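Worksheet: one structure, shown below.
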Amino acid sequence: MNAALLIIFGTVLAAGGLGVLAGRRVKMDLENWTVGGRRFGTVLIWLLMAGEAYTTFTFLGASGWAYAKGAPVYYILIYGTLAYTVSFFILPPIWRIGKRLGLQTQPDFFAAVYGSRGLGIFVAGVGVLSILPYLQLQLAGLGFIVETASGGAIAARTAIVLAFFLTCAFVYTSGIRGTAWVSVLKDAMMIAAVGIAGFGIPAARFGGIGKMFKTVLARSPGHLVFPGAVPSMNVPWVMTTVLVTGLGFYMWPHMFGSAFAARSEKIIRRNAIVMPLYQLPIVLVILVGFTAFLVLPGLKNPDTSFLALVKATYPSWFLGFIGAAGAVTAMVPASILLLFASTLLVKNIYQAGFNPGAGDERVMLLSRRMVVLIAAVALALALYVPNALVNLLLIGYDGVSQLFPGVVLGLFWKRATKAGVACGLAAGLGVAAVLVFGGFDPILGMNAGFVALAVNAALAVAVSLLTWPRPSLVRNS
């Protein structure tokens, strides 16, 4: 276990140091801090976006769903591929607009396209409220992974405090560059960890992946077909959930904003082509979940299946490697979430709504300070009231997906208006909240977020036809 502890602490410290070094020779103005000076090439954009997209869910949620729910876990493989296909068509024009107008965030895009500062503030508010529970989730996952991988030698609170202090340090000093650099370490470790476990565990336990699936079919054939172990997650649920999550994938403020960091739109398109390769590690994690279903029946918490099976199969030092990979896998998305939450609050809410005269230097200074404040709040919530934002987290993906109609209509339909988009967004958020918090998810077999998205899109089009688009920098050029 000493080797495991050394690996975990060494990796976390190395990740923090690498992130700080990333901004050492760069003049850190607002442009470099938020979008890396728009100079990221193919490899760095790929690693950055993959680092943001693949979080602690990679180790915990995917295997947990395979263990407890069975076939519904396949939706993870489908929606990611759909999201990358969608990004091929929408991110290049978003990048072009951002490059021409100097946009740095998602609310900047809405404000520019619809000529409405108020709409930008509304979108920023939705983004911040969606980010906070997501950030807390990364902290909780980090603590759980490290505590389990260290055999309890490192308490979850200790791991959270250390890793988040280092994350906060490299976001403060290096901005998005720090996230991109640490993504290199994170991706290498994650691929190695899930590769060894995903191929090795089914082979060690059953003699191969094919034999493992034959055993699942023999013991519980219904586990591998819809609806698996959850009657409500049948084909209509899967189809609607895939649509909501696939369309909403790049509507997260940090995913949307990262596109502005690319050097060219060609890099964005190339990234959309190669990103589906990153679905392969998810397949390996799912294989471990199915193996755990056979080998470790009766787990109280299905999300422990990956770590529990690794612990039962490999020596303690490799479990430490898994813990280290899991910690860095949490640090990367946590860093970009911190970066964009602080930028949205200062640039798109404070500056746009209360102090339009604030210059970039002032915004940069306040954004850095806001990183520390948001980090402190998220840390306190994760340590003392870990369930405080659970209800908000339930609607997180449903919430950000409601931004999709506004983005697509703004790009491809000149008749779209700020009134239409604002009404659609408000209605979509309201319907999603009522259905999710009211216990009506799924409704008629469909994902509640999909129903809200349909209402949103219909209302946005209808109101746009009844109003007239306001001149904007985008439509006038």
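Worth pointing out:
- Among the residues making up the range 70-121, those that are in a loop (DSSP other than H, G, I, E, B) and either touching a Phe, Trp or Tyr at 6+ places or on another chain (Cβ under 8 Å) or surrounded by 20 or more Cβ atoms within 10 Å (Cβ to Cβ) (or both) are G70, L103, Q104, T105, S116.
- Evaluation of P231 against (1) over 25 Å from P72 (Cα atoms); (2) free of Cβ contacts under 8 Å to residues at least 40 places away in the same chain (one fails), failing number: (1)
- Filter result (over 26 Å from the mean Cα position of the chain (by Cα) and either aromatic (F, W, Y) or in a helix (DSSP H, G or I) (or both)) within the range 305-350: K311, A312, T313, Y314, S316, W317, F318
- The lone criterion from (1) over 30 Å from R38 (Cβ atoms); (2) buried (at least 24 other Cβ atoms within 10 Å of the Cβ) left unmet by M239 is number (2).
- Scanning the range 338-364 for residues that are surrounded by 24 or more Cβ atoms within 10 Å (Cβ to Cβ) and of a type in the set (S, T, Y) yields a total of 2.
- Look at the range 408-426: where a residue is free of Cβ contacts under 8 Å to residues at least 40 places away in the same chain and a partner is assigned to a helix (DSSP H, G or I) and buried (at least 19 other Cβ atoms within 10 Å of the Cβ), sitting 6+ places away or on another chain with Cβ atoms under 6 Å, you get G424/P405; G424/N456; G424/L459; G424/A460.
- Matching residues in the range 186-197 - criterion: being under 18 Å from the mean Cα position of the chain (by Cα) and either buried (at least 24 other Cβ atoms within 10 Å of the Cβ) or modelled with pLDDT of 95 or more (or both): K186, M190
- Just one of the listed residues (L383, L379) is over 23 Å from M49 (Cα atoms) and buried (at least 19 other Cβ atoms within 10 Å of the Cβ), and it is L379.
- Test: A163 is closer than 30 Å to K418 by Cα, touching a Leu at 6+ places or on another chain (Cβ under 6 Å) and either small (G, A, S) or at pLDDT 95 or above (or both): no
- Per the listing F170, F206, the residue uniquely crowded, with 21+ Cβ neighbours inside 10 Å and of a type outside the set (A, V, I, L, M) is F170.
- Taking the range 260-276 as the range and being of a type in the set (A, V, I, L, M, F, W, C) and either crowded, with 24+ Cβ neighbours inside 10 Å or over 17 Å from the mean Cα position of the chain (by Cα) (or both) as the test, the residues that pass are F260, A261, A262, I267, I268, I273, V274.
- Condition check for A4: out of contact with any Ser or Thr (no Cβ under 8 Å at 6 or more places or on another chain) and buried (at least 20 other Cβ atoms within 10 Å of the Cβ): no
- Test for T148: is it surrounded by 17 or more Cβ atoms within 10 Å (Cβ to Cβ), in a helix (DSSP H, G or I), among the β-branched types (V, I, T) and out of contact with any Asp or Glu (no Cβ under 9 Å at 6 or more places or on another chain): yes
The values are calculated or read from the model by the stated rules, or taken from the named source; none is laboratory data. Not measured: the values here are computed from a predicted model. So basically every Cβ, Gly included, is an ideal-geometry build from the backbone, and we count neighbours across all protein chains shown.
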